[in-house]
Structure formats: structure tokens, C-alpha cells
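A.B. asks: This is the structure I have questions about; it appears just below.
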2 protein chains.
Amino acid sequence: MSDLAPYQRIKDTLLERVHSGLWRPGDSIPGEQQLALDFNCARSTVHRALRELAEEGVLERKRKTGTRVAYPTGRSLALDISLVEDEIKATGASYQYQLLERTLAPLPPTVAAHLNRAPGEEALHLLCLHYADRHPYQFEDRWIDPLTVPEALEEGFDQIGPNPWLLKNVPWTEAEHVISADIATGSVAATLGLKEGEPVLIVERRTWNAKGTVTTVRFHHPGRTHRLRSAFAPR
Amino acid sequence: MSDLAPYQRIKDTLLERVHSGLWRPGDSIPGEQQLALDFNCARSTVHRALRELAEEGVLERKRKTGTRVAYPTGRSLALDISLVEDEIKATGASYQYQLLERTLAPLPPTVAAHLNRAPGEEALHLLCLHYADRHPYQFEDRWIDPLTVPEALEEGFDQIGPNPWLLKNVPWTEAEHVISADIATGSVAATLGLKEGEPVLIVERRTWNAKGTVTTVRFHHPGRTHRLRSAFAPR
DNA sequence: TCTCCAATTATGTCTGGACAAATAGCCTTA
DNA sequence: TAAGGCTATTTGTCCAGACATAATTGGAGA
């Protein structure tokens, strides 16, 4: 308990004061100088504790005015985006990957917009299915931009999924996710083994790196059984 | 450009080297001592830059071994959990709130489990509807534990929604979210103005504070038009 | 009374030096 | 050869002091 780094001990102590309600949102708390005396350490040590708590959204700091307890608003939700394989194996199920289709195809208008290209230009189109214990778990409909990722044209994707391959070969630096719900129809229903009209949870992802848009992908999951979970909290 | 704090300038420079591919995942980068010479500053300044980049998941540091560029795996997705009102107003639409029902009711078994109580015990049950430009935007089905939040029994919730009220009065410290898809049936369909069989996007949230479970809530959104967005990235 | 400037004060950052802790690699010894 | 211990290196943290920067507040002047 007391063998923690001092700055960490201070953070814990202050956080406890906030959580216990001793310091309530909006309250001013003592200045760095005073806290340094209280904790018998240098101001810079207190400063680090306060700075980090402010970054975590617990405190609000302003020059001259001092430090106050932040109002707990504007949280965010953090979902882990792990590889499907890890996600499935974590549940104890067996994982299987199947490539359904791999073509160089002209871009449909909506996808073209996502990749920032003109409709009709060609890109690598992949359809894949991921199984958990032999049951369809995720249907992946992906386009990869061959101008940003020419190496992808050399890869068959019959042994390795696009996601692990991209993670390994083309690290991205930015991404956008959109989550929505729809009902299963046509080929998506058939592929996922669902009846028409059953709910489907869709996660759409676009990723970029310095060179440009890397890939855009739609993951379809059986909606009633699939769940995106997130144990979590502040900021 | 150059009027940034030195530690920030160093962070930017190093991040650029990673993003540009000059330093690739797995590469070792120079030690703090060397970088301090390169940037003509104290080691502690370099240290802060490296420490923060490591916290952000860009670098991996180990004593004796040194610092290397992290493999870009295990990202996470951060969704903003803002108040519905802000969310709607941000799109330029007008916001309206309506309380449909407010009862003290016995807990159904599934909800009881969520609140960590016995089925049949009583809790505050709220049904609310949030409109964007007069169209149903979100149907909220919420239970509040009166043992954890006795003040809620005094509140009518006819003027203020449960979410802003709770944020103001009962700050929580932990939350869990589950996102899923379903199809609209019965009262949910009717309330949201959807036909039976249309897709619904469901976000379920449970929140705790030091005293215990605060509330559990299911938000239902029209699935085809609603979207959870997240511009974002690493860790 | 109103406006604007300057003093005050709290936070933000840097320095340069010190010691602590982890650990890879080597060296000794059984 | 294997086990155990030593050492050099690298990161982790702290400190005390200094200066920079933002922002409130009170006072001087119009």
C-alpha cells in the first residue's frame, strides 16, 4: 500500500477524496504548494498527480483560479477492437476463417466515396466469413485501396484474414467506426445462416494512414446473439 | 509551430517518425540520453515525451532493453456518451423530452440480476421518449435502485430526464455498456413509430458508484437511421 | 462610474542532478 | 553444463529551484 510511487499515492488519495464525496464536483481543492506541504514532497510531485487526474477528467485546472473537482459529464465508452480470432478464442470457442470471394472489382458509388475514389475505379474486394464453433460469427465485406496498399494485390487472403494481414503490414493511424442495426436480407442472411428479417448488428470501419485511405469494411453479426461489450468509465 | 512546449514538440517529432514509417513497429529507438542530446534538452523532458507516447500505446518501454515502437494491435474504439439533448442539438435538430411512465414497480428477474437485487423487490421504473425534430429518436427504459439513490423517489422526472438528473445528483464511477441489435415489436415499435420487424439498435448501460448499482437502462434507437459514430484510433 | 493596466497568484514547464528498480548479459562456481 | 550471482545499462521517479504563462483583482486615471 505504501510502497507505491509518491505521485501515485497522491493520485490515489485525492481520487479517494473525490469518490468518497469529501470533495464534491465544483469544490476548490488546495493548491500545489499546500498539497506539497501536506504530503511532504516537492511541488513537482504533486503537480504530476494533479496533471494526470486532470487528464483523466477528474479535476479541472486553471491558472490563477486553482484546481477544482470536475463535474462528471461527457464520458466516453471504450470498446476493445480486437482481432476476431482473439475475440472468439477468448470465449473458449474454436475459430475458423473462410475466404468467400476475392476479386478486383469496380467500386460501387457509396464505397467509392468512402475510399475517396471515383466510382468505377478498381479496388480489391474481399468477402470473408468467421466462425465460432462452426457457427457463423461475423460476415466481413471489405474493400482495400490498391493505390494505398499495393502489396495487398500479392496476397491471396486464403490463409490469413484481411484484418491480421493489414495490422501486420499496413499499420493505420486513424480510424472511424459507425455502428448500426439492420435486418438480414438476401446473401447476408444466407451467409450468416439467418432467416430473412432477423436483426443484424453492423460495425463499419474506415482506416487511414499517412498515404491515404487504407480500407473500408462492414462487419455483419447476428444481432440477437452478438454483443459489443465494454466494461468502463470516465474521461 | 515552434512555440510549443519542448516536450510536446518532441512528442510530435517522434510520433511523426513513427507515422511516416521511418521508425517501424518493433524498431528500437535511441535512449533518453541520446535523444536529450539530439533535442538539446534535459533528460527529464525527453522522458516525459516518451512516457506519454508509451501511455498512448505508440511506444513500448522496458528497463535495460530500451524503447521500441509498439505493434499497432489491440486498439480500442471510443464512443462519446453525451447527453441525448446535446447529441440531438449538435445536429441542428430541436430536442423534446417526454416522460411516458413513472412507477415504483417490482423488479422482473433479468433486471433484478442487473441491479443485484432479488426479483420482486421494488425499484423506480421510468419510460421516456426523446424526440429530434418531433421524430422519436430514442426510447429509454430505465430502472433506478432506490436503495442506492433514495433522492430519486422525490423527483418527478417530468421536466428533467433521468440521465441529466443522475449526472447532476449521483455521479457514477463505473459503467458497463452492451450494444446489440434487435427487431422492433409491440410497444417498442409503437413508441418509436416503427413497423414491426424494423431493426432497432439497443445500447444497454449499467452504472455503479461507491454505494452500489445506481441504474440500469436500455436505450432503443431506430436502427436504420441511427448511428453510433466514433472518429478514432489508437491505444 | 467606467476602462485599462499592473501586481499577484496559481498552474505549466524545464533543468540538472540524484537515487531506485528492473534486467540482459556475463562471469563464477558447483 | 547448469545454477547462481554480479554489473552495466536503461528507464522510473524525485527534488529544489527557476522562469513562463494565464487570469483574477484591485487600483489608477479618464
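The values are calculated or read from the model by the stated rules, or taken from the named source; none is laboratory data. Keep in mind that this is a model prediction, so the values were computed, not measured. Ideal geometry is used to build each Cβ from the backbone, glycine not excepted, and the neighbour counts take in all protein chains shown. All accessible areas refer to the heavy atoms of the entire protein, side chains included, with ligands and DNA or RNA removed. Shrake-Rupley method; radii C 1.70, N 1.55, O 1.52, S 1.80 Å.
A.B. asks: Looking at region A:44-79, which of its residues are within 11 Å of DNA strand D (Cβ to nearest atom), within 24 Å of B:Glu174 (Cα to Cα) and without any contact (Cβ under 8 Å) to a residue 12 or more places away in the chain?
C.D. replies: A:Arg61
A.B. asks: Consider A:Gly197 carefully, then state whether it is more than 12 Å from chain B (Cβ to nearest Cβ) and surrounded by fewer than 20 Cβ atoms within 10 Å (Cβ to Cβ).
C.D. replies: On the way: more than 12 Å from chain B (Cβ to nearest Cβ): no; surrounded by fewer than 20 Cβ atoms within 10 Å (Cβ to Cβ): yes.
The answer is no for A:Gly197.
A.B. asks: Which condition breaks for B:Pro150 when tested against (1) free of Cβ contacts under 8 Å to residues at least 12 places away in the same chain; (2) touching a Phe, Trp or Tyr at 6+ places or on another chain (Cβ under 6 Å)?
C.D. replies: Going through the list (1) free of Cβ contacts under 8 Å to residues at least 12 places away in the same chain; (2) touching a Phe, Trp or Tyr at 6+ places or on another chain (Cβ under 6 Å), B:Pro150 breaks only (2).
A.B. asks: Out of region B:80-103, which residues are part of a loop (DSSP other than H, G, I, E, B), without any contact (Cβ under 8 Å) to a residue 24 or more places away in the chain and over 23 Å from A:Leu79 (Cα atoms)?
C.D. replies: Scanning region B:80-103 gives a single hit, B:Gly92.
A.B. asks: Now, a different point. Being open to solvent by less than 50 Å² (accessible area, probe 1.4 Å) and within 14 Å of DNA strand C (Cβ to nearest atom) is the filter here, so list the residues in region B:55-78 that pass it.
C.D. replies: Within region B:55-78, B:Gly66, B:Thr67 meet the criteria.
A.B. asks: Now for a separate question. From the list B:Ser82, B:Ser94, exactly one residue is within 14 Å of another protein chain (Cβ to nearest Cβ) and either more than 16 Å from DNA strand C (Cβ to nearest atom) or under 25 Å from the mean Cα position of the chain (by Cα) (or both). Which is it?
C.D. replies: B:Ser82
A.B. asks: Moving on to the next point. Please determine, by comparing only the residues of region A:38-61 that are more than 31 Å from the chain's Cα centre (by Cα) and at negative phi, which one is nearest to the other protein chains (Cβ to nearest Cβ). First the steps, then the outcome.
C.D. replies: Filtering region A:38-61 down to residues more than 31 Å from the chain's Cα centre (by Cα) leaves A:38-46.
Applying the additional criterion that residues be at negative phi yields A:38-39, A:41-46.
Numbers: A:Asp38: 23, A:Phe39: 20, A:Cys41: 16, A:Ala42: 13, A:Arg43: 15, A:Ser44: 10, A:Thr45: 13, A:Val46: 16 Å.
The extreme case among them is A:Ser44.
A.B. asks: Give the number of residues within region A:1-57 that are more than 27 Å from B:Lys211 (Cα to Cα), part of a helix (DSSP H, G or I) and of a type in the set (S, T, N, Q).
C.D. replies: Going through region A:1-57 one residue at a time, the tally reaches 4.
A.B. asks: Just name the residue that is nearest to the chain's Cα centre (by Cα) out of those in region B:200-216 that are within 11 Å of chain A (Cβ to nearest Cβ) and among the hydrophobic types (A, V, I, L, M, F, W, C). Before you say what the answer is, go through the steps one by one.
C.D. replies: Within region B:200-216, the subset within 11 Å of chain A (Cβ to nearest Cβ) is B:200-211.
Those still in the list that are among the hydrophobic types (A, V, I, L, M, F, W, C) too: B:200-203, B:208, B:210.
Values: B:Val200: 20, B:Leu201: 16, B:Ile202: 14, B:Val203: 11, B:Trp208: 14, B:Ala210: 19 Å.
Taking the candidates together, the pick is B:Val203.
A.B. asks: Right, here's the next one. Can you tell me which residues in region B:137-160 are within 14 Å of chain A (Cβ to nearest Cβ) and buried (at least 18 other Cβ atoms within 10 Å of the Cβ)?
C.D. replies: B:Gln138, B:Phe139, B:Thr148, B:Val149
A.B. asks: Give me the residue from region B:14-37 that is of a type in the set (A, V, I, L, M) and more than 31 Å from the chain's Cα centre (by Cα) and, out of that set, nearest to DNA strand C (Cβ to nearest atom). Before you say what the answer is, go through the steps one by one.
C.D. replies: Of region B:14-37, the ones of a type in the set (A, V, I, L, M) are B:14-15, B:18, B:22, B:29, B:35-37.
This time we only want the ones that are more than 31 Å from the chain's Cα centre (by Cα), so: B:22, B:29, B:35-37.
Values: B:Leu22: 23, B:Ile29: 16, B:Leu35: 11, B:Ala36: 8, B:Leu37: 11 Å.
Top of the filtered list is B:Ala36.
A.B. asks: Only one of these conditions is not met by B:Glu85: (1) surrounded by 13 or more Cβ atoms within 10 Å (Cβ to Cβ); (2) within 13 Å of DNA strand D (Cβ to nearest atom); (3) over 30 Å from A:Leu166 (Cβ atoms); (4) among the charged types (D, E, K, R). Which number is it?
C.D. replies: All conditions are met except number (2).
A.B. asks: Yes or no: region A:18-37 includes at least one residue that is within 10 Å of another protein chain (Cβ to nearest Cβ) and of a type in the set (A, V, I, L, M). Walk me through it before giving the result.
C.D. replies: If we filter region A:18-37 for residues that are within 10 Å of another protein chain (Cβ to nearest Cβ), which is where we start, we get A:18-21, A:24-25.
The next check asks that each one be of a type in the set (A, V, I, L, M); those that pass are A:18.
Within region A:18-37, one or more residues are within 10 Å of another protein chain (Cβ to nearest Cβ) and of a type in the set (A, V, I, L, M).
A.B. asks: Being among the hydrophobic types (A, V, I, L, M, F, W, C), in the same structural domain as A:Pro108 (by TED's automatic domain parsing) and modelled with pLDDT under 95 is true for just one of A:Ala233, A:Ala210, A:Ala190, A:Ala152. Which residue is that?
C.D. replies: The match here is A:Ala210.
A.B. asks: For region A:24-43, give me each residue that is within 12 Å of DNA strand D (Cβ to nearest atom) and either among the charged types (D, E, K, R) or open to solvent by 80 Å² or more (accessible area, probe 1.4 Å) (or both).
C.D. replies: Residues of region A:24-43 that are within 12 Å of DNA strand D (Cβ to nearest atom), as a first pass: A:28, A:32-33, A:35-37, A:39-43.
Across region A:24-43, the qualifying residues are A:Glu32, A:Gln33, A:Leu37, A:Asn40, A:Arg43.
A.B. asks: Also, quick follow-up: Only residues that are open to solvent by less than 50 Å² (accessible area, probe 1.4 Å), farther than 12 Å from A:Leu59 by Cβ and modelled with pLDDT under 95: list them for region A:9-23, please.
C.D. replies: Correct list: A:Gly21 only.
A.B. asks: For residues that are under 16 Å from the mean Cα position of the chain (by Cα) and open to solvent by 30 Å² or more (accessible area, probe 1.4 Å), tally how many sit in region B:217-230.
C.D. replies: 4
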